[in-house]
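Visitor: Have a look at the structure that comes next, please.
Read-outs throughout are calculated quantities, based only on the coordinates presented, and are distinct from any laboratory measurement. None of the values given here were measured: they were computed from a predicted structure. We place every Cβ from the backbone using ideal geometry, glycine too, and count neighbours over all the protein chains shown.
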């Protein structure tokens, strides 16, 4: 009988309701964390900068090429009859085109979100 | 749900606010419940619970084992609550969510009503309030958080034997009080 009495009390104690804070408790904590300096140390995210660098680099190369061509039309001479040159030009052009496409797509998504 | 270790790593490595929110949501009930049961004041308990999380995030990098975040967090919660009690900043008799309408003990209690689970829970809640802050903390951790005696002892800062004795005394107190309240219906408890 004594054991039974103990069991009922123990069971009741374990079934007591857990008290809950207000619904926006976690937001209040986050706000406090944000206004307190030195808690969240954010590492710089370089990913969004990559498309800008790629576009900038590509633009720079085009400008340099343009200047070279203006100054001396013989500065860049491409022999299209050479198969290796053709292959390289096609490969590089494809890569640049692909990079431009990916970078533009990435930037549009970034702006949209 | 992600475990504490993963969330803590994300907070420390990338300052993830999402991970921080998840960690808070995961443990807010445990922290608030312990603090509230010690302080018995809703507003103050919420304020202290916020401080607890803030302190835990400030000292997160010093936590040796991230998987033991919860006991560590509850230790901070317990200490902050006891500090608040000691500073007498809490008007214990004020707004009291746990308070229950005073019963007329002279009236003969209905045995069927006494059997009702909710009523018994209410009575136990009421009696728990009469325990000391330390005892309330121990009972909350042991029964509601399912902590083992050793874990409770680590949080409270007492020896395991002391915790066992306090648990035994608190249980005896609750049992006796419940028996007294149900005069003539002792066999219920």
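Visitor: Take every residue in peptide A:30-40, count the Cβ atoms of other chains within 10 Å of its Cβ, and give the average of those counts. Walk me through the numbers before you get to the answer.
Guide: On the way: counts 7, 1, 5, 11, 2, 0, 3, 0, 1, 8, 8.
The per-residue average across the peptide is 4.
Visitor: Give the calculated FRET efficiency between residue A:20 and residue A:105 to the nearest 0.05, with a Förster radius of 51 Å applied to their Cβ-Cβ distance. Each step should come with its number before you reach the end.
Guide: On the way: r = 45 Å, r/R0 = 0.88.
The pair residue A:20/residue A:105 has a calculated efficiency of 0.70.
Visitor: Additional query: Using 0.36 nm per residue of separation minus the Cα-Cα distance, give me the extension gain between residue B:18 and residue B:61 in nm, one decimal. Kindly include the intermediate steps, with their values, before the conclusion.
Guide: Numbers: separation 43, 0.36 × 43 = 15.48 nm, distance 1.78 nm.
Taking 0.36 nm per residue and subtracting the Cα distance, the gain is 13.7 nm.
Visitor: Given an 8 Å cut-off on Cα distances and at least 6 residues of separation, report the relative contact order of segment B:4-86 as a percent. List each step's numbers first, then the result.
Guide: On the way: 64 pairs, mean separation 28.9, N = 83.
Here the relative contact order equals 35 percent.
Visitor: A further question follows. How big is the gap, in Å, between the Cα center of segment B:1-79 and the Cα center of segment B:118-189?
Guide: Each part reduced to its Cα centre gives a spacing of 25 Å.
Visitor: If I stretch the segment between residue B:168 and residue B:9 completely, what's the gain in nm (0.36 nm per residue apart, minus their alpha carbon distance), one decimal?
Guide: Numbers: separation 159, 0.36 × 159 = 57.24 nm, distance 3.97 nm.
Full extension of this stretch gives 53.3 nm more.
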